[in-house]
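*Asks:* This is the structure I want to talk about, given as structure tokens.
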Amino acid sequence: MTTAKRIDGKAKAAELAQSITVETAALLAEHGIKPGLAVVIIGEDPASQVYVRNKKRTAESCGFHSVQHTLEADVLQADVLTLIDDLNADKSIHGILVQLPLPGHLDEQRITQAIDPSKDVDGFHFINIGKLTAGLTDDAFVPCTPAGCMLMIQDEMGSDLSGKNAVVIGRSNIVGKPMASLLLQANATVTITHSRTKNLARVVAGADIVVAAVGRPEMVKRDWVKPGAVVIDVGINRVEKTVDGEKKMGLTGDVDYNDVSSVASAITPVPGGVGPMTITMLMANTLRSARLAAGLEG
Ligand code: GUN
């Protein structure tokens, strides 16, 4: 029985954040520009509050201008749109992120599409989705989670995935669909699966690369996975765990880590895998946006 390599997303993210910090200092010293990131959080969702806090902390440690707008759960849609208009016009802001999910009375599409595509560091605007889907990856803001997954996959397998079968479990706009576009762009043969897929285990068993993004705790088991596959776990599920005989709330992924470790060649843990990479990719997108706004990147 082999044990898969544990892909250390936390270490890789810290390394990337370090080079972003150095580039940010150079941008300020040479051009007087500080990348600015505005994060908008609406309501009290506890998971969103943790994510937003981490994004703010990382932005500050990279040397960015970081602002947070915290709006009440019952805020009017018109007021959210006015805030986005103001941020679109604000020259000190290069990236705008509205944390999802939104309270039910707000129209997610209207709000994400109101963000100027050139400040859409989440990559949710149709312009950026269209560019990514058309293969113009260098010209689009790519959503942060799939971008981070892709870096980890290419670290393990090289940049050209010709001849590799990739199976993405989950078809969300945030992860599944953009992940499939990125894998396709790198020449992988891609299958997107979802809750209506028949014989999911059999489909996954053909994959050299598995990306699990369904939100079902430990769904992917050892007997689903081809020996030697690279397994990327996007799931962040809150579950009750027993640690030293005590019940505690903990995080677990969509993959049964211990089980699948015995068959995969490399696997991301939860926590400490995809999550930290996502935040660092947000910083990379914001730095790039600041450089583009200054005409320093084509
Ligand atoms: N909620 C969960 N993931 C994300 C993300 O990548 N961006 C935003 N804006 N909200 C999220």
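The values are calculated or read from the model by the stated rules, or taken from the named source; none is laboratory data. Since the structure is predicted, the reported quantities are computational estimates derived from the model, not experimental observations. With ideal geometry, Cβ positions are generated from the backbone for all residues, glycine too; neighbour counts draw on all protein chains shown. Calculation scope for accessible area: heavy atoms of the full protein, side chains included, ligands and nucleic acids excluded. Shrake-Rupley method; radii C 1.70, N 1.55, O 1.52, S 1.80 Å.
*Asks:* Could I have the simple spin-label model distance between Asn187 and Leu28, label points 7 Å from Cα toward Cβ, reported in nm to one decimal?
*Replies:* It is 4.2 nm.
*Asks:* Can you bin the range 144-192 into rounded, prolate or oblate? Criterion: square roots of the alpha carbon gyration tensor eigenvalues sorted a ≥ b ≥ c, rounded for a/c under 1.5, prolate for a/b above b/c, oblate for the rest.
*Replies:* Oblate, since a/c reaches 1.5 and b/c is not below a/b.
*Asks:* Using only the Cα atoms of the chain, what semi-axes does the equivalent ellipsoid have when each is the square root of 5 times a gyration tensor eigenvalue? Give whole Å, largest first.
*Replies:* 32, 22, 19
*Asks:* Same structure, new question: If each of Asp223 and Asp107 carries a label point 7 Å out from its Cα toward its Cβ, how far apart are those two points in nm?
*Replies:* 4.9 nm
*Asks:* Tell me, in nm to one decimal, what length is gained between Glu156 and Met249 on full extension, where the rule is 0.36 nm per residue of separation less the Cα-Cα distance?
*Replies:* Values: separation 93, 0.36 × 93 = 33.48 nm, distance 3.17 nm.
Here the segment from Glu156 to Met249 would lengthen by 30.3 nm.
*Asks:* Then there is this: Out of all Cα-Cα pairs in the range 84-212, roughly what percent, to the nearest whole number, are more than 19 Å apart?
*Replies:* For the range 84-212, the share of Cα pairs beyond 19 Å comes to 53 percent.
*Asks:* Kirkwood hydrodynamic radius, the range 168-298, all distinct C-alpha pairs: what's the number in Å?
*Replies:* That comes to 16.1 Å for the range 168-298.
*Asks:* Using the Karplus curve 6.51 cos²θ - 1.76 cosθ + 1.60 with θ = phi - 60°, what ³J(HN,Hα) values do you get for each residue of the range 237-253, in whole Hz, with x for Gly and Pro?
*Replies:* Whole-Hz 3J(HN,Hα) from phi for the range 237-253: 10, 8, 9, 7, 10, 9, 10, 6, x, 10, 7, 9, 7, x, 9, 9, x.
*Asks:* Probe 1.4 Å, all protein chains in place: accessible area of Thr70 in Å², nearest 10?
*Replies:* The accessible area comes out at roughly 100 Å².
*Asks:* May I ask which residue of Val255, Val204, Val40 lies farthest towards the positive end of the charge dipole of the chain, with charges of +1 (Lys, Arg) and -1 (Asp, Glu) on Cβ and the Cα centre as origin?
*Replies:* Towards the positive end, the residue furthest out is Val204.
*Asks:* Which entries of Lys5/Lys119; Lys119/Lys164; Lys164/Lys198; Lys5/Lys131; Lys56/Lys226; Lys55/Lys177 have Cα-Cα distances beyond 31 Å here?
*Replies:* Flagged as over cut-off: Lys5/Lys119; Lys119/Lys164; Lys5/Lys131; Lys56/Lys226.
*Asks:* Placing +1 on the Cβ of each Lys and Arg and -1 on the Cβ of each Asp and Glu in the range 107-198, which of Ser172, Phe124, Met152 has its Cα farthest towards the positive end of the resulting dipole?
*Replies:* Ser172
*Asks:* Right, another one. Rounding to the nearest 10 and keeping the result within 0 to 90°, find how far the Cα-based axis of helix 274-293 lies from the longest principal axis of the chain.
*Replies:* 30 degrees
*Asks:* Distance from the Cα centre of the range 92-120 to that of the range 204-243, in angstrom?
*Replies:* Using only Cα atoms, the two centres lie 30 Å from each other.
*Asks:* While we're on this one: For the chain, with all protein chains present and a 1.4 Å probe, just round the carbon and sulfur fraction of the accessible area to a whole percent.
*Replies:* Accessible surface attributable to carbon and sulfur in the chain totals 51 percent.
*Asks:* Working from Cα positions, state the angle (0 to 90°, nearest 10) between the long axis of helix 46-61 and the longest principal axis of the chain.
*Replies:* It is inclined by approximately 60 degrees.
*Asks:* How big is the dipole moment of the chain about its Cα centre under a simple scheme where the beta carbon of each Lys and Arg is +1, that of each Asp and Glu is -1, and everything else is neutral? Debye, nearest 20, please.
*Replies:* That gives a dipole near 800 debye.
*Asks:* Can you work out the accessible area per residue across the chain, with the rest of the protein chains kept in place, probe 1.4 Å, in square angstrom?
*Replies:* Counting only protein heavy atoms, the per-residue value for the chain is 48 Å².
*Asks:* If one computes P(r) from the Cα atoms of the range 1-145, what percent of pairs lie at distances over 27 Å?
*Replies:* 28 percent
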